[in-house]
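The values are calculated or read from the model by the stated rules, or taken from the named source; none is laboratory data. Predicted model only: the values in this text are computed from it and were never measured. Methodologically, a virtual Cβ is constructed for each residue, glycine included, from the backbone with ideal geometry; neighbour enumeration extends over all protein chains shown. Side chains included, ligands, DNA and RNA excluded: accessible areas come from the protein's heavy atoms. Shrake-Rupley method; radii C 1.70, N 1.55, O 1.52, S 1.80 Å.
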Amino acid sequence: MSKVFDLHCHSDQSDGILSPEELVSRAKRQEVDVLALTDHDTTIGLTRAAKKAEEEGIELITGIEFSCQWAGRNIHMLGLNFDLSAQCLKKAVELQAELRETRAVIIADKLAAAGFDGALEGARQFAGSGIIGRPHFAQFMVEKGYCKSVAQCFKKYLGAGKIGDVKQIWPEIEDVVRTVVGAGGVAAIAHPHKYKMTRTKLCAMVTDFKEAGGTAIEVISGQQHRDVTRDLASIARKYELAASCGSDFHAPGNPWQELGRIPSLPEDLTPVWDIWG
Ligand code: AMP
Ligand code: MN
Ligand code: MN
Ligand code: MN
């Protein structure tokens with residue numbers, strides 16, 4: 001039997017629900033053999049997850065999902081199997097934390113201008129000890145009764161092009177790719193189909209990504225449609241990129257994003273784990 005890899009998921013150290021330990025235990029129950037915890041812009045959960053992984057007998061790979069930008073768009077970049085003690089990585093993670101704080105203040109100001117006070121404090125409560133993100137603002141808006149659901153809040157206030165979508169705050173794609181590669185890891189463009197780019201735009205981004213040292217693309221993200229898989233596989237082949245796969249699990253109860261429940265990678269592609277051996 002081949003191993004089950006899930007190289008994309010979130011704990012409560014970013015916008016997931018489970019603690020790093022609970023996440024690892026759930027992955028084990030879901031029969032995942034190799035897991036990467038990829039919290040947004042933080043590596044803080046990795047040490048705790050590694051300890052639990054050793055107890056549970058599951059392999060844990062270092063991971064992070066960097067927020068960055070390309071052509072003014074918000075793009076997510078996975079860093080996988082890097083050296084956690086690398087200085088360049090530590091500095092980059094510190095910068096992301098500062099940018100998230102700056103952005104949170106801007107989002108709260110914009111929401112206040114739209115008549116919703118107290119968003120910063122409210123969102124921070126939902127973030128707990130973890131990094132603060134838009135989902136925490138959405139949870140605050142739902143709690144206050146300003147929106148019916150998190151999804152509706154993204155649609156009205158936080159999603160692409162809405163008031164809470166703060167653009168051009170993140171580092172460029174090239175910078176985060178160099179950070180990940182500099183820390184001995186593999187950079188993989190996360191869930192490329194989610195950006196709703198034309199194929200021409202996506203190919204232009206992949207070209208810049210490759211030039212900066214990027215070597216992989218996430219071909220499978222959760223229970224996606226096979227047309228998406230076919231399309232992304234063709235990009236991996238065209239640009240000779242390794243392929244990654246992950247559930248993008250955030251919370252129990254969503255069958256589309258459950259740990260370990262992901263389609264297999266097309267067989268002719270080189271899986272990312274082959275490049276780190
Ligand atoms: P941030 O990293 O703070 O910019 O927030 C982005 C995160 O919000 C993503 O990683 C998703 O987990 C979540 N998200 C994005 N769009 C939506 C949506 N339409 N509904 C619910 N959650 C979303
Ligand atoms: Mn998320
Ligand atoms: Mn993402
Ligand atoms: Mn993610």
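Filtered by the rule that a residue be more than 14 Å from ligand 3 (Cβ to nearest atom), in a loop (DSSP other than H, G, I, E, B) and open to solvent by 10 Å² or more (accessible area, probe 1.4 Å), segment 22-46 gives Q30, E31, D33, T43, I44.
Yes or no: M197 assigned to a loop (DSSP other than H, G, I, E, B), more than 16 Å from ligand 4 (Cβ to nearest atom) and buried (at least 16 other Cβ atoms within 10 Å of the Cβ)? So M197 fits the description; yes. Go through segment 200-222 and count every residue that is open to solvent by 20 Å² or more (accessible area, probe 1.4 Å) and in contact with a strand residue (DSSP E or B) (Cβ under 8 Å, 6 or more places away or on another chain). Total satisfying the criteria: 3. Considered as a group, the residues in segment 1-21 that are in contact with a strand residue (DSSP E or B) (Cβ under 9 Å, 6 or more places away or on another chain) and not in a loop (DSSP other than H, G, I, E, B) include one that is nearest to ligand 3 (Cβ to nearest atom), and that residue is C9.
One residue stands out in segment 224-244 among those that are within 16 Å of ligand 3 (Cβ to nearest atom) and open to solvent by less than 10 Å² (accessible area, probe 1.4 Å): the one that is nearest to Q13 (Cα to Cα), namely S244. Of the residues screened, A97 is one that is in contact with a Ser or Thr (Cβ under 8 Å, 6 or more places away or on another chain) and under 30 Å from K210 (Cβ atoms).
Check whether at least one residue in segment 226-238 is within 13 Å of the chain's Cα centre (by Cα), modelled with pLDDT of 95 or more and of a type in the set (A, V, I, L, M), and report yes or no. Scanning segment 226-238 turns up no residue that is within 13 Å of the chain's Cα centre (by Cα), modelled with pLDDT of 95 or more and of a type in the set (A, V, I, L, M). E98 falls short on exactly one of the conditions (1) in contact with a helix residue (DSSP H, G or I) (Cβ under 9 Å, 6 or more places away or on another chain); (2) open to solvent by 30 Å² or more (accessible area, probe 1.4 Å); (3) within 15 Å of C68 (Cβ to Cβ), and that condition is (1). For segment 171-182, the set of residues classified as in a helix (DSSP H, G or I) and open to solvent by 50 Å² or more (accessible area, probe 1.4 Å) consists of D175, R178, V181, G182, listed by residue number.
Working only within segment 208-239, note down all residues that are part of a loop (DSSP other than H, G, I, E, B) and over 14 Å from I189 (Cβ atoms). Listed by number, the residues that qualify are G222, Q223, Q224, H225. With respect to Q168, determine if the residue is open to solvent by 50 Å² or more (accessible area, probe 1.4 Å) and at pLDDT 95 or above. Here the answer is no, as Q168 does not meet what is asked.
Which of the residues spanning segment 129-151 are open to solvent by 50 Å² or more (accessible area, probe 1.4 Å) and within 23 Å of S67 (Cα to Cα)? Scanning segment 129-151 gives S129, Q139, V150, A151. Q69 meets all of the listed conditions (1) open to solvent by 10 Å² or more (accessible area, probe 1.4 Å); (2) within 16 Å of ligand 1 (Cβ to nearest atom); (3) in a helix (DSSP H, G or I) but one, namely (3). The residues of segment 256-277 that are out of contact with any Asp or Glu (no Cβ under 7 Å at 6 or more places or on another chain), of a type in the set (A, V, I, L, M) and touching a residue at least 60 places away in the same chain (Cβ under 8 Å), listed by number, are V272, I275.
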